[in-house]
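Every number here is computed from the coordinates shown, using simple stated rules; none is lab data. Nothing here was measured: the structure is a model prediction, and the numbers come from that model. Glycine gets a Cβ as well: all are built from the backbone with ideal geometry, and neighbour counts include every protein chain shown.
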Amino acid sequence: MQTSQYPCLCAGFRKAGRVLTKKYDNYLKPSGLKITQYSMLANIARNPDITVSRLAELLIMDQTTVSRNLQVLEKAGFVNIEAGATDNRVRKIQISGNGVSKMKQAKPLWETAQLEVEGLLGSGGVTEIMSAFRKITG
Amino acid sequence: MSLTKDIKDFALDIGYSHVGITTAEDFSDFIDEVQSRGSLYDFYVEDPRKFITGAQPQKCMPEAKSIISVVWDYAQKGFPESLLGKIGRIYQARQTSKYPCLCAGFRKAGRVLTKKYDNYLKPSGLKITQYSMLANIARNPDITVSRLAELLIMDQTTVSRNLQVLEKAGFVNIEAGATDNRVRKIQISGNGVSKMKQAKPLWETAQLEVEGLLGSGGVTEIMSAFRKITG
């Protein structure tokens, strides 16, 4: 039986994710958005008329979590969710005018956090990490 | 020519509009001014880049004797009216990242790996988050709740909640009586040790599969990235 000589990779990714979430949330504070909300809004902005199912696929989250987070964004007036349809496979989402303005405000804050982390990893490190993401998330 | 004059001439030459050299004392007028602006300037005082510490040179550079201070004038080549009053944003927006969000990347990879490890661990009844917690408790006898939270980089409330599940299942003993997380000690139980023995080879299978996916060079790079991020 083979044994691993490394600490748990799953725990490592999760821990790094928690540290980065705190860092990005901190930088985003003036915008009132959390990084999870920013990320969701950015995906919606990039994919007009995206469905709940497809958004869940992109974010690799389950549809229940996506729907719950979407409701918060809808309440804040940042997205419009197609009324009537209840089937997540066809229910379309769009970013609203308010959502676009909010992203404009938040983008430079996100950029500051992102550039700080890129500096921490070094440019070779960032390339390696991006390649690891592709290998893991497929 | 003196070194001072050389430095000043050079700074002006490369485009700064003012330059001065002073001792490495606190810039106390600046700190007072910022603090007098009250809660309006909380965003500046609380900024993770710690601008106030920057105004106390000996705090960040204990050996510094002199400070060269230079002024860059954003408006020297004309100033767009639409940006009046938003000058900080120019500073923040001047550089852009060419990569997708690293935070989202780590979180997504974490979710994919959690599913994979959970799947392999299924026969043991443990989730990878529980396995990870138990492994940390086994490695650190008499660890406190606070210290465990530090190791896992989680808040104490989440750790306490997850510990209760492990205690109910009989895998850990939590010191009775003490309610202060800083002193409350946790130990793995006999049942916990057996459970880990059962789960270890399952974890190993998941781990080796992921190592294979990343390649050995990839794993080394990732481990180094983890160290840089989690410190």
* Using DSSP to define loop residues, name the trypsin sites (Lys or Arg not before Pro) in segment A:69-129 whose beta-carbon has at most 12 other beta-carbon atoms within 10 Å. => A:R89
* Ratio of Rg to Rh for the protein assembly as shown, alpha carbon only, Kirkwood? -> 1.03
* For chain A: relative contact order, % (alpha-carbon pairs under 8 angstrom, 6 or more apart) -> 25
* Asked: If you wrap a convex hull around the Cα atoms of segment B:102-230, how much volume per residue is inside, in Å³?
  -> 114
* Other-chain or far-sequence residues with amide H under 5 Å of B:I67's (modelled H) -> B:T22, B:T23, B:A24
* Calculated diffusion of segment A:1-79, Stokes-Einstein form, Kirkwood radius summed over Cα pairs, 10 °C and 1.306 mPa s, µm²/s -> 110
* Loop sites in segment B:96-135: trypsin sites (Lys or Arg not before Pro), DSSP, at most 16 other Cβ within 10 Å -> B:K98, B:K127
* May I ask you to evaluate 6.51 cos²θ - 1.76 cosθ + 1.60, the Karplus curve with θ = phi - 60°, for each residue of segment B:31-36 and list the ³J(HN,Hα) values in order in whole Hz, giving x for glycine and proline? => 5, 4, 4, 4, 5, 5
* To do: Can you tell me the 0 to 90 degree angle between the C-alpha axis of helix B:156-168 and the longest principal axis of chain B, rounded to 10?
  => 0
* **Kirkwood-based shape ratio for chain A, expressed as Rg/Rh from alpha carbons** => 1.03
* Which links in A:K23/A:K92; A:K15/B:K127; A:K23/B:K228; A:K135/B:K115; B:K168/B:K195 stretch past 23 Å when you go from one Cα to the other? -> A:K23/A:K92
* Report, in cubic angstrom per residue, the convex hull volume of the C-alpha atoms of chain B. => 236
